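The values are calculated or read from the model by the stated rules, or taken from the named source; none is laboratory data. Worth saying up front: this structure is predicted, and the values here are computed from it rather than measured. Heads up, the Cβs are rebuilt from the backbone with ideal geometry, glycines too, and the neighbour counts pull from every protein chain shown.
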Amino acid sequence: MGTPAAPSLSAQLTSARAARQLTRAQERRYERVLSRVKSEETRRAAAGQKVEAIELILAIFLPPIGVLVHEKGQLTSHFWISLLLTFLFFIPGMIYSILVVTDTI
């Protein structure tokens, strides 16, 4: 037979408009998802900052307890070093605990 007929200009315009509308719909959907993700990240960051503030306050006044809270209740070497430094000399224990809580060490 022959070669298939090329689509008419109006059919091409219609398909182009449909593709553009689909793209706009995808953009709107993407923007909604992105806004949800951003709000979730903001909420999590705020919660994380509250925990860090409590850990930092504890690291200043009760250094080993601040490290223990930061380490999620596990008795790690950071806790024991903080406890030892706090018993021997309070200021070095406090400095070490602040470094552990801020994840510098």
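Identify, please: which residue in the stretch 90-105 is over 14 Å from L58 (Cβ atoms) and in contact with a helix residue (DSSP H, G or I) (Cβ under 6 Å, 6 or more places away or on another chain) and is, among those, surrounded by the most Cβ atoms within 10 Å (Cβ to Cβ)?
Checking each candidate, the answer is P92.
Sort out which residues of the stretch 78-89 are without any contact (Cβ under 8 Å) to a residue 24 or more places away in the chain and either surrounded by 10 or more Cβ atoms within 10 Å (Cβ to Cβ) or among the β-branched types (V, I, T) (or both), and write them in order of number.
If the condition is that a residue be without any contact (Cβ under 8 Å) to a residue 24 or more places away in the chain and either surrounded by 10 or more Cβ atoms within 10 Å (Cβ to Cβ) or among the β-branched types (V, I, T) (or both), then F79, W80, I81, S82, L83, L84, L85, T86, F87, F89 are the ones that fit.
Could you tell me which of the residues V51, V37 is loosely packed, with under 14 Cβ neighbours inside 10 Å, modelled with pLDDT under 95, under 19 Å from I105 (Cα atoms) and not charged (D, E, K, R)?
V51
If the requirement is being part of a helix (DSSP H, G or I) and at pLDDT below 70, which of these qualifies: R44, R20?
Matching residue, one of R44, R20: R44.
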